Amino acid sequence: MEIILKKDVNNLGDAHDTVTVKNGYGRNYLIPQGFALLATEPNKKMNAETLRQKVHKEAKTRTEAEKLLKSLDNITVKIGAKAGDTGKIYGSVNAIQIAEAVKEQFHVEIDRKKIHLNGESVKELGTYKATIRLYKEVQAVISFEVVAE
């Protein structure tokens, strides 16, 4: 039996793959659970159109991410924090503060969940680096400077 997978199935294939399985497995498990469709001609055409649209959407998203990468290249963000006499700040700088500072200083909105501080805990004044994952393979590295207010 030939089927088109709607979702990723372990040891069988990824979503939108056309695979051949035994009749009972397809008819009694995969199709009723919503994991697959029968590979009829209309379903094959619909799957091909879905794949074409997915590729076009991913190309557009990647192009936008590369444009954003160029605008974030070689920037330094200044983040103000209250600090003691020894240079230690009260609290720490996190991804939320970096995202807000980038938006405020460079008018670029970045999701805070895409910012990674490279395993560092920022608790002192100084210059640090953060990685921003814009798309699957597109990453920007920005430097940010923590200054006393």
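The values are calculated or read from the model by the stated rules, or taken from the named source; none is laboratory data. Since the structure is predicted, the reported quantities are computational estimates derived from the model, not experimental observations. Don't worry about glycine lacking a Cβ; one is built from the backbone with ideal geometry, like all the others, and counts go over all protein chains shown.
Whether any residue in the range 51-73 is hydroxyl-bearing (S, T, Y) and farther than 26 Å from E109 by Cβ is what I want to check. No, the range 51-73 has no match at all. Quick one: which residue in D14, D8, D73 is without any contact (Cβ under 8 Å) to a residue 40 or more places away in the chain and either aliphatic (A, V, I, L, M) or touching a strand residue (DSSP E or B) at 6+ places or on another chain (Cβ under 9 Å) (or both)? Criteria check complete, one pass: D14. All conditions in (1) without any contact (Cβ under 8 Å) to a residue 60 or more places away in the chain; (2) outside any loop (DSSP other than H, G, I, E, B); (3) within 19 Å of the chain's Cα centre (by Cα) hold for G24, with the sole exception of (3).
If only residues of the range 1-21 that are under 23 Å from the mean Cα position of the chain (by Cα) and part of a strand (DSSP E or B) are counted, the one that is surrounded by the fewest Cβ atoms within 10 Å (Cβ to Cβ) is G13.
Can L51 be described as within 30 Å of T20 (Cα to Cα) and modelled with pLDDT of 90 or more? Here the answer is yes, as L51 does meet what is asked. With the requirement that a residue be more than 16 Å from A148 (Cβ to Cβ) and assigned to a strand (DSSP E or B), what does the range 76-126 give you? T76, I115, H116 - these are the residues of the range 76-126 that are more than 16 Å from A148 (Cβ to Cβ) and assigned to a strand (DSSP E or B). If you go through the range 83-108 and pick out every residue that is aromatic (F, W, Y) and touching a Leu at 6+ places or on another chain (Cβ under 9 Å), you end up with 1. Just one of the listed residues (F144, F106) is surrounded by 14 or more Cβ atoms within 10 Å (Cβ to Cβ), farther than 30 Å from A59 by Cβ and of a type in the set (F, W, Y), namely F144.
Tell me, yes or no, whether the range 58-75 has at least one residue that is touching a Ser or Thr at 6+ places or on another chain (Cβ under 9 Å), assigned by TED's automatic domain parsing to the domain that holds K123 and part of a loop (DSSP other than H, G, I, E, B). The answer is yes, given that some residue of the range 58-75 is touching a Ser or Thr at 6+ places or on another chain (Cβ under 9 Å), assigned by TED's automatic domain parsing to the domain that holds K123 and part of a loop (DSSP other than H, G, I, E, B).
Select, from T40, T50, T20, the only residue that is of a type in the set (S, T, Y) and within 30 Å of V138 (Cβ to Cβ).
Unique residue meeting the criteria: T50.
Look at (1) touching a residue at least 24 places away in the same chain (Cβ under 8 Å); (2) over 21 Å from E66 (Cα atoms); (3) of a type in the set (V, I, T) and you find that I96 fails only one, number (1).
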